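The values are calculated or read from the model by the stated rules, or taken from the named source; none is laboratory data. Keep in mind it's a predicted model, so treat the numbers as computed, not measured. With ideal geometry, Cβ positions are generated from the backbone for all residues, glycine too; neighbour counts draw on all protein chains shown. Note: accessible area is taken over every heavy atom of the protein model, side chains too, but ligands, DNA and RNA are not part of it. Shrake-Rupley method; radii C 1.70, N 1.55, O 1.52, S 1.80 Å.
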Amino acid sequence: HHHLHHPYQHQSGPTPGKNPPSSRGLSTRKENYERDFPVYKQPVEVGCFSLDSERRFFNDSRQLRYYSEPERNPHFDLKDGYKDRFIKRDESVKEKLDHILRWILANRSKLSSKVATTASPCALDVDFVTWRGHLTKLLTTPYETREGWLLAVTRFRNTLYISEVETEAARRELENRTERHQEMMYWGYKFEQYTCADNVHSSPDPGGVVNTNEAFCTVVQTRLTDHRLLFSGEVDCRDKDPNAPGPPACYVELKTSAEICTPKQRSNFHRFKLLKWWAQSFLPGVPRVIAGFRDHDGVVVTVETFPTSKISHLIKSEPNCWKPTVCMNFCSDFLTFVKRTATEDNPSVVYLFSYEPHRDVTYSIHRDSQYSFLPHWYVREITS
Ligand code: 0WD
Ligand code: CA
């Protein structure tokens, strides 16, 4: 094991094929990231988009739903409708950043202070474009001991685009999902149907069809240390009250989780699940996570609210628990590492960053490969 004071190992510049991986990695050891909390600007919503029941893109909030508070002990049956009222998104279609890129093209004027000229290489006034879910994975990396990740990065007009690539292990897991596991993945969407209404004045319709093609996504801009970020994340619903604060403060994240019966289950919930919930909602500034705790038979027995800002205090009693500062400092240092590494500005070049549990982050470089992800329609439109 390494004993480094700095998260970076010595880097002798990108001479592909010559450096062994150990000489150009980024440490993922949590001890290296326990410093002051980095600057993270309050996230601002700059737009939103919707994906309809056929996964078509709309530059508006038509799929935004309204939170309808259930009873504290509702007895929602999450199994209902799995066989006959469920339309599942085709997971074999890899959408990469396409929806975000479509949003950028439709809203380009909002993202550039300057009039685009050939002399100005910075087409967008941001350093990174990605999904919120990819950033969540980065935040939790120093505590992730089970699953690795692959992130493809392309520098184009001085903006770095980050898009996930499915790992071999994830693909195998997807293939080997049991019938029980498939059904359990439906439970989360069914909980949304019990608690979300289509309009301010309507009520949830548990008798309807659950269609996982439908989504409402917020697009937020913020800054982590010296990294200007633009990312999008799916939002489950918003506060019904018209006097509620504006987005993202009115947004609500819905979760389901197994009910907690033993001290061991409680500790695991704090150490693993609350870390993921906190990271996901903290990034876009979603203030509330509402959890439906279900029994082994898929019936929600209690509903509880977790204010995002209180989650990190809740876990302080837990021995060797996670720390928000470690998550944010690792993410900031990873983005610095990406900026230094992905230097060639070329839409068909991919820098592939790889994390395997208990290892450093390493990278490899790929030209015109299967990993290229910026579509021609985007490159053409941005360049013209
Ligand atoms: O291409 C990819 N590798 C991915 C694409 C990975 C993750 C997401 N996506 C896309 C999809 O277009 C989806 O609409 O991202 C959108 C959601 O993005 P996100 O908010 O950045 O993702 P994340 O924070 O991981 O998940 C938020 C919600 C999930 O809710 P829970 O409560 O389980 O965290 O988005 C859903 C899910 O409901 N979700 C997805 N929907 C479609 N495709 C996916 C996915 N791959 N992953 C999570
Ligand atoms: Ca959710």
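So, in the range 328-382, how many residues would count as being part of a helix (DSSP H, G or I) and either open to solvent by less than 10 Å² (accessible area, probe 1.4 Å) or free of Cβ contacts under 8 Å to residues at least 40 places away in the same chain (or both)? Of the residues in that region, 15 qualify. Residues that are under 22 Å from VAL220 (Cβ atoms) and either open to solvent by 30 Å² or more (accessible area, probe 1.4 Å) or among the small types (Gly, Ala, Ser) (or both) within the range 56-94 comprise PHE57, PHE58, ASN59, ASP60, SER61, ARG62, GLN63, ARG65, TYR66, listed in sequence order.
Taking first residues from the range 233-248 that are over 13 Å from GLU45 (Cα atoms) and partners that are surrounded by fewer than 18 Cβ atoms within 10 Å (Cβ to Cβ), the Cβ contacts under 6 Å between residues at least 6 apart in sequence or on separate chains come to LYS240/VAL200. Residue count for the range 153-164 under the criterion of being within 12 Å of ligand 1 (Cβ to nearest atom) and either crowded, with 22+ Cβ neighbours inside 10 Å or more than 21 Å from SER27 (Cα to Cα) (or both): the result is 2.
Just the residues that are part of a helix (DSSP H, G or I) and more than 16 Å from ligand 1 (Cβ to nearest atom), please, taken from the range 240-276. It would help to see each step written out before you state the result.
Going through the range 240-276, the residues part of a helix (DSSP H, G or I) turn out to be 263-276.
Listed by number, the residues that qualify are PRO263, LYS264, GLN265, ARG266, SER267, ASN268, HIS270, ARG271.
Against the condition surrounded by fewer than 18 Cβ atoms within 10 Å (Cβ to Cβ), modelled with pLDDT of 95 or more, more than 16 Å from ligand 2 (Cβ to nearest atom) and β-branched (Val, Ile, Thr), how does THR262 come out, does it pass? Against the criterion (surrounded by fewer than 18 Cβ atoms within 10 Å (Cβ to Cβ), modelled with pLDDT of 95 or more, more than 16 Å from ligand 2 (Cβ to nearest atom) and β-branched (Val, Ile, Thr)), THR262 qualifies. For the range 277-323, the tally of residues that are touching a Leu at 6+ places or on another chain (Cβ under 9 Å), open to solvent by 30 Å² or more (accessible area, probe 1.4 Å) and part of a helix (DSSP H, G or I) stands at 3.
Under the condition of being over 19 Å from the mean Cα position of the chain (by Cα) and hydrophobic (A, V, I, L, M, F, W, C), which residue from the range 203-242 is farthest from ligand 2 (Cβ to nearest atom)? Top of the filtered list is VAL209.
With respect to the conditions (1) more than 14 Å from ligand 1 (Cβ to nearest atom); (2) aliphatic (A, V, I, L, M); (3) within 19 Å of THR218 (Cβ to Cβ), VAL286 falls short on a single one, namely (1).
A residue that is aliphatic (A, V, I, L, M), more than 21 Å from ILE104 (Cα to Cα) and assigned to a helix (DSSP H, G or I) can be found somewhere in the range 137-159.
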